[in-house]
Every structure is written in C-alpha cells, then in structure tokens.
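Q: Take this structure first; my questions come after.
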Amino acid sequence: MAFNYQTLKRLTGTAFVDGTITDAKIANTTIATDDIAGNAVTSGKLANSAVDLTSSVVTGAIPASKGGTGLTSVGGNNTVLRANSAGTALEYSALGFSGMQVFTGNGTWTRPSGVRYIRVKLCGGGGGASGHGESGGAGGYSERIMDVTGIGSVSVNIGGGGSGTYYSGAGGNGGSSSFGPYMSAQAGHGANRQNQHSGGVSGGASGGNLNIHQGGGGAHHDSFGPGGTTYFGGAAPSGHPQGGHFAHNHQGHSSPGTGGTGGYFHGHRGSDGRPGICVIEEYK
C-alpha cells in the first residue's frame, strides 16, 4: 500500500494507543532547541502541575550574568550572599563584627582571615602627678576605621605612664602610642611641666578619623588633684592625710591613659599616669 501523506495528517491522538510512543523510542537530542519556535510552548499548553520542580532533577547553575547566582548550594548559618573580593562572582560569607584584639603593651596585630575592616581606638599614656593636688594630663585619643584587605599585620606601640612625684616636682610625661604608620596618640604631660602649681596638659593625636585631646590635670589644691580622664574612664582616687600616699598606692584603680592624681599634701606622692591602650575591633 502506497504511503498517503494526506491520510497521515488526519490521524488524531485517539488513533494512537496510550503509551506506545515512549521517551525510549525518541533518540536523544533528535528534537533540538532550534526545532522549537520561540514561545511555542506556553503555560497554557501544559497541564496543571505538569512540571514539578520539587521532584524533577535540574542540573547546573544559572550564572550571575543570566540572573542566577552561579552557586549550587546555600551558605552556612548567619552568612549573606555578596560579591567576592575581586568583584567577579557571588559567594556566601560571614558579615559584620567578628572579633576584638586589645593591646596594653607593644605587639603586632595580625589580620585574621576574612577580616575586611577594623575600627582602631588608640590612647597615649598619661602624665604623672605631684603633691598638693597637682595632677597629670591624659594621653591623646585617636579613632579610625580602616580597610585592611591589603594589610597583613601592623606593629602596635603603647606609651607608658609618666612617674608621679612630690610637691613642687614635675611629674613625668607619658609615652606616645601608635598603630603602625597610620595613627598616633601623643603623651599626656606631667604636673608642673607647663607652669608651676598647674596640672599637666593632655596629649594630642593624629591619623584618625577622630583625633582629640582628653582631660587635663588639676592644679594646686584643685579638689586635691584628680588626674585627666579619658574615653575609657577616670583617674586614680584622691587621698586624705590619714591615707598617706593614697592616690599613689591605688593608682592601679584607674583607666588607660589617665593622668596621675595628685597627693594630698607636699609629703604625699602623686600617682603615676596610666599606660595607653589600643583596641582593635574586627569586621568581615
């Protein structure tokens, strides 16, 4: 019997036994994407729920250039999707505050893996006090936010506190603190350094987004000499004659970078200024 194309055209779906044409009878890739006209298969031509992505297997990943992520899995807990450091792809990574390092003496800060920014709080050492309430000035204060993606480590130098002394003597100046070449917080001056019977002036600062002086020292019998205060708190307690070298004996009960507190009378030694400090907050 000769093939009749017109007869074939009149065949309908009911003329075929259900399931007789299976995917195994269709050669792989015989129907290419070029054989399907654009928008030929629409949602209206698919039965309801015919395509179920929850059970179907979809391989590969849509690249970011096509509106995808280029990733095949979700990141870990408390991570966010962001561009990588080169700006060439997306990645899941931790974000925000990740740690803190505190230096009360000289050392080296080493950047932890993944840390991109740091906030540095730097304070110089305070000046020492004298007797009769003449007290030392606080060290300067500098604060800076830095991009450290290209920095491996930074040397940290912490200034010491100036020595306390007796009435009419000049208290020792503190020491300057620094965070590498980036920031500096200068020392507070000792009592009587700028003028007799006067408190020491505070140190300055440079290199930070914020650079300020802090508290100056008290003068002769100025409430018996509280030392200059700092961002981190107050100075050593004032004494009384019956307490002897009270301020000096309790100079450890004071905040970093504060000036020394003056002794009550000429025979009472003023407290030492306090060493500076460097606080480094780390962010990913």
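The values are calculated or read from the model by the stated rules, or taken from the named source; none is laboratory data. Everything numeric in this text was worked out from a predicted model, so none of it was measured. Cβ placement follows ideal geometry from the backbone for every residue including glycine, while neighbour counts extend to all protein chains displayed.
Q: Quick one: in region 126-151, of everything that is small (Gly, Ala, Ser) and in contact with a strand residue (DSSP E or B) (Cβ under 7 Å, 6 or more places away or on another chain), which residue is farthest from PHE179 (Cα to Cα)? Show your work before the answer.
A: The first filter runs over region 126-151 and keeps only residues small (Gly, Ala, Ser), leaving 126-131, 133, 135-140, 142, 150.
Now narrow it down to the ones that are in contact with a strand residue (DSSP E or B) (Cβ under 7 Å, 6 or more places away or on another chain): 138-140, 142.
Details: ALA138: 18, GLY139: 15, GLY140: 13, SER142: 10 Å.
Among those that are small (Gly, Ala, Ser) and in contact with a strand residue (DSSP E or B) (Cβ under 7 Å, 6 or more places away or on another chain), it is ALA138.
Q: Residue check: is GLY257 modelled with pLDDT of 95 or more and in a loop (DSSP other than H, G, I, E, B)?
A: Details: modelled with pLDDT of 95 or more: yes; in a loop (DSSP other than H, G, I, E, B): yes.
Yes, satisfied.
Q: Listed residues GLY225, GLY262; which is out of contact with any Leu (no Cβ under 8 Å at 6 or more places or on another chain), under 18 Å from GLY188 (Cβ atoms), buried (at least 24 other Cβ atoms within 10 Å of the Cβ) and modelled with pLDDT under 85? Spell out the reasoning first.
A: On the way: GLY262 fails: modelled with pLDDT under 85.
After ruling out the rest, the residue left standing is GLY225.
Q: Please tell me if GLY203 is small (Gly, Ala, Ser) and under 10 Å from SER135 (Cβ atoms).
A: Spelling it out, it is not the case that GLY203 is small (Gly, Ala, Ser) and under 10 Å from SER135 (Cβ atoms).
Q: Are any of the residues in region 94-114 touching a Ser or Thr at 6+ places or on another chain (Cβ under 7 Å), at pLDDT below 80 and not in a loop (DSSP other than H, G, I, E, B)?
A: The answer is yes, given that some residue of region 94-114 is touching a Ser or Thr at 6+ places or on another chain (Cβ under 7 Å), at pLDDT below 80 and not in a loop (DSSP other than H, G, I, E, B).
Q: Looking at GLY218, is it in the same structural domain as LEU122 (by TED's automatic domain parsing), buried (at least 17 other Cβ atoms within 10 Å of the Cβ), within 18 Å of GLY128 (Cβ to Cβ) and of a type outside the set (Ser, Thr, Tyr)? Please lay out each step first, then the result.
A: Numbers: in the same structural domain as LEU122 (by TED's automatic domain parsing): yes; buried (at least 17 other Cβ atoms within 10 Å of the Cβ): yes; within 18 Å of GLY128 (Cβ to Cβ): yes; of a type outside the set (Ser, Thr, Tyr): yes.
Taking the combined requirement at face value, the residue satisfies it.
Q: Another question, then. Yes or no: ALA191 in contact with an Asp or Glu (Cβ under 7 Å, 6 or more places away or on another chain) and among the aliphatic types (A, V, I, L, M)?
A: Working: in contact with an Asp or Glu (Cβ under 7 Å, 6 or more places away or on another chain): yes; among the aliphatic types (A, V, I, L, M): yes.
Yes, satisfied.
Q: Quick check: anything in region 105-122 surrounded by 24 or more Cβ atoms within 10 Å (Cβ to Cβ) and of a type in the set (Ser, Thr, Tyr)?
A: No - not one qualifying residue is present in region 105-122.
Q: Select from region 235-254 the residues that are part of a loop (DSSP other than H, G, I, E, B) and buried (at least 24 other Cβ atoms within 10 Å of the Cβ) and write down the one among them that is modelled with the lowest pLDDT.
A: Filtering region 235-254 down to residues part of a loop (DSSP other than H, G, I, E, B) leaves 235-240, 244-245, 250-254.
Those left that are additionally buried (at least 24 other Cβ atoms within 10 Å of the Cβ): 235-236, 239, 251, 254.
Details: ALA235: 91, ALA236: 87, GLY239: 77, GLN251: 87, SER254: 90.
Per the stated criteria, the residue is GLY239.
Q: Exactly one condition in (1) closer than 30 Å to VAL148 by Cβ; (2) acidic (Asp, Glu); (3) in contact with a Ser or Thr (Cβ under 8 Å, 6 or more places away or on another chain) is not met by GLU281; state its number.
A: (3)
Q: Would you please list the contacts, defined by Cβ atoms under 8 Å and residues six or more apart or on different chains, that run from a residue in region 52-66 that is closer than 22 Å to THR88 by Cα and among the hydrophobic types (A, V, I, L, M, F, W, C) to a residue that is surrounded by fewer than 10 Cβ atoms within 10 Å (Cβ to Cβ) and at pLDDT 75 or above?
A: ALA61/THR72
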